[in-house]
1. Restricting attention to segment 179-218, which residues are under 18 Å from VAL249 (Cβ atoms), open to solvent by less than 30 Å² (accessible area, probe 1.4 Å) and part of a loop (DSSP other than H, G, I, E, B)?
2. Spot the failing condition for THR155; the list is (1) out of contact with any Leu (no Cβ under 7 Å at 6 or more places or on another chain); (2) assigned to a loop (DSSP other than H, G, I, E, B); (3) within 14 Å of the ligand (Cβ to nearest atom), and only one is missed.
3. Inside segment 92-132, can you point out the residues that are surrounded by fewer than 24 Cβ atoms within 10 Å (Cβ to Cβ), within 16 Å of the ligand (Cβ to nearest atom) and outside any loop (DSSP other than H, G, I, E, B)?
4. Restricted to segment 219-238, and to residues that are within 16 Å of the ligand (Cβ to nearest atom) and open to solvent by 20 Å² or more (accessible area, probe 1.4 Å), which residue is farthest from ILE136 (Cα to Cα)?
5. Only one residue in ALA177, ALA241 is away from the ligand (no atom under 16 Å from the Cβ), at pLDDT 95 or above, touching a helix residue (DSSP H, G or I) at 6+ places or on another chain (Cβ under 8 Å) and of a type in the set (Gly, Ala, Ser). Which one?
6. In segment 1-22, which residues are over 22 Å from PRO124 (Cβ atoms) and either of a type outside the set (Asp, Glu) or open to solvent by less than 80 Å² (accessible area, probe 1.4 Å) (or both)?
7. With LEU56, LEU17 as the choices, which residue is out of contact with any strand residue (DSSP E or B) (no Cβ under 7 Å at 6 or more places or on another chain), assigned to a loop (DSSP other than H, G, I, E, B), farther than 24 Å from TYR304 by Cα and at pLDDT 95 or above?
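The values are calculated or read from the model by the stated rules, or taken from the named source; none is laboratory data. This is a predicted model, so every value here is computed, not measured. Heads up, the Cβs are rebuilt from the backbone with ideal geometry, glycines too, and the neighbour counts pull from every protein chain shown. All accessible areas refer to the heavy atoms of the entire protein, side chains included, with ligands and DNA or RNA removed. Shrake-Rupley method; radii C 1.70, N 1.55, O 1.52, S 1.80 Å.
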Amino acid sequence: MFDLPAQRAYLSDKYDLAPSPELAASMDDIYQRMARVVSPVDWAIYAPYVKAINDLKAERNAVILGHNYMTPEIFHGISDFGGDSLQLAIKATEVKEDVIVQCGVHFMAETSKILSPNKTVLIPDMEAGCSLAESITAEGIAEMRKQYPGAPVVTYVNTTAEVKAASDICCTSSNAAQIVAAQDSHTVIMTPDQYLAQNVARDVPQKNVVWWEGSCIVHEQYSASDLRDFREWNPGTRLIAHPECPPDVVAEADFSGSTSGIIKYVTDEKPEKALLITECSMASNIADELPEVDFVGPCNMCPYMKKITLEKVLYSLDTMTGQVEVDADVAEKARLSVQRMIDLSRQLGL
Ligand code: SF4
């Protein structure tokens, strides 16, 4: 459990973290990456943390990997690399630093540890979980194998190391359809996201895709009628949905793609108005790079992703707490599933 008062007391004894407009002004180059969505008052509050973390990174020989769903002060202020799960998983294999701070959720940190067992991997809040990762266990995979003998198991990276270890290959939302299409079997088991699986089943009709019934608490909240209402209230708005949304939501959207697919689509198309049917920080993190696009709400927030804050990152990196460990045998099997995904993605040019 994160003991906020004790950790705040520890940090304030060691660092000057008082809001500072002067320090904020001296870090204007960083602020300009998020100025459209972060007010100058908030930036004066964040700047001392951003400076302390960036200084400490050099001292600890650490690198920060920030998921697209991190808040802008984390994504633009302290992350060395940003991206979706696949991009961050690949980056974890390439970085030279001794310490990886995963600004994302626990399964992402586990993936980094699996791929880089000799590095110290920190997650600033151990309780940053995921409704998908919590929906399935290795026993669930065994049940699916019993039900569909011989069918390969393609598992979304949003799972624990044990579940990855029990699977044949991993996938992310950016490569799921291609990974399923490349399996040497007519029936393919997809876990744990039923909606991603149903969207893949539509895109890969040559396969019999069967699925586990997990879902993401952020994306399952959208309905097709929500999208029809948004379109009516905001004529001319481009609706862009993540494939963790139910298939009827994806069908109502103008485009569906992973977080990196969404960034590419909006960057290429530059619609006048866009509504991203996904986690709230997605739009905030690309707003400054795309001033010509008006990102209209609403959005849904991931309570797990939002457990990661500047304060927790500073505490974790200072005290080196929140170290992620994975049993060596489990890690080896899970690494094979993740590595097969990375290798196949490279082979397919993804
Ligand atoms: S957005 Fe959904 S899939 Fe991503 S971490 Fe949150 S609950 Fe899990």
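1. Selection gives SER215, CYS216, VAL218.
2. Status for THR155: all satisfied but (2).
3. Once the filter is applied, which keeps residues that are surrounded by fewer than 24 Cβ atoms within 10 Å (Cβ to Cβ), within 16 Å of the ligand (Cβ to nearest atom) and outside any loop (DSSP other than H, G, I, E, B), segment 92-132 yields only HIS106.
4. Within segment 219-238, the subset within 16 Å of the ligand (Cβ to nearest atom) is 219-222.
When the remaining residues are screened for being open to solvent by 20 Å² or more (accessible area, probe 1.4 Å), the result is 220-221.
On the way: GLU220: 17, GLN221: 20 Å.
Residue satisfying both the conditions and the ranking: GLN221.
5. On the way: ALA241 fails: away from the ligand (no atom under 16 Å from the Cβ).
Exactly one of ALA177, ALA241 is away from the ligand (no atom under 16 Å from the Cβ), at pLDDT 95 or above, touching a helix residue (DSSP H, G or I) at 6+ places or on another chain (Cβ under 8 Å) and of a type in the set (Gly, Ala, Ser), namely ALA177.
6. In the first step, residues of segment 1-22 are kept if they are over 22 Å from PRO124 (Cβ atoms); the result is 20-22.
SER20, PRO21 - these are the residues of segment 1-22 that are over 22 Å from PRO124 (Cβ atoms) and either of a type outside the set (Asp, Glu) or open to solvent by less than 80 Å² (accessible area, probe 1.4 Å) (or both).
7. Values: LEU56 fails: assigned to a loop (DSSP other than H, G, I, E, B).
LEU17 is the lone residue from the list that is out of contact with any strand residue (DSSP E or B) (no Cβ under 7 Å at 6 or more places or on another chain), assigned to a loop (DSSP other than H, G, I, E, B), farther than 24 Å from TYR304 by Cα and at pLDDT 95 or above.
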